[in-house]
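Each remark here refers to the structure printed beneath this line.
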Amino acid sequence: DTTAPSTLISGVSNAMSYNTVPLLISFNSSDSLSGLNATHFTLTKDGSIVDTSNMTSLNLTQTGAYQLNVTASDVVGNYETKQVVNFSIDVSAPAVVVTNPSGGWTNVSYNITINATDVLSGVANVTVYFSKFYKGLCYWH
């Protein structure tokens, strides 16, 4: 037997970002010749190793950038080529800061300054709603 086992990783794809948790990841390794010995995996979150010593599957809930490494071995010592999956979980909302106006009423025109940031996923768009509020003056939210 010179054929390595193979592993199917379910629940996550490379270079994807997920915003729904929990993110459930499972592995299904097989070897049709000599038989499967073990499936080996490591997981890092934001560059730090996650203790997976008591895990048989992954149920992830925390925001972060992850790297999953998976390989399988058979009983005669053949190893599957390591599969590397990079993905992120982002359950944190973007931060929005309005620096002008500072609030309250005014009767002069001015520019509205809005800054939105999202460290992990980035900001897709910012929407500002305007509506008439009082005696023809514009109210925004």
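Numbers for the structure displayed
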read-out: Qualifying residue in the range 32-47 (condition: of a type in the set (F, W, Y), free of Cβ contacts under 8 Å to residues at least 24 places away in the same chain and in contact with a Phe, Trp or Tyr (Cβ under 8 Å, 6 or more places away or on another chain)); value: no
read-out: Boolean, N107 is over 30 Å from D1 (Cα atoms) and over 22 Å from the mean Cα position of the chain (by Cα); value: yes
read-out: Selection within the range 12-60 - more than 26 Å from N78 (Cβ to Cβ) and acidic (D, E); value: D46, D51
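Since every read-out is calculated from the coordinates, none of them should be taken as a lab result. If you're wondering where the values come from, they're calculated on a predicted model, not measured in any experiment. Heads up, the Cβs are rebuilt from the backbone with ideal geometry, glycines too, and the neighbour counts pull from every protein chain shown.
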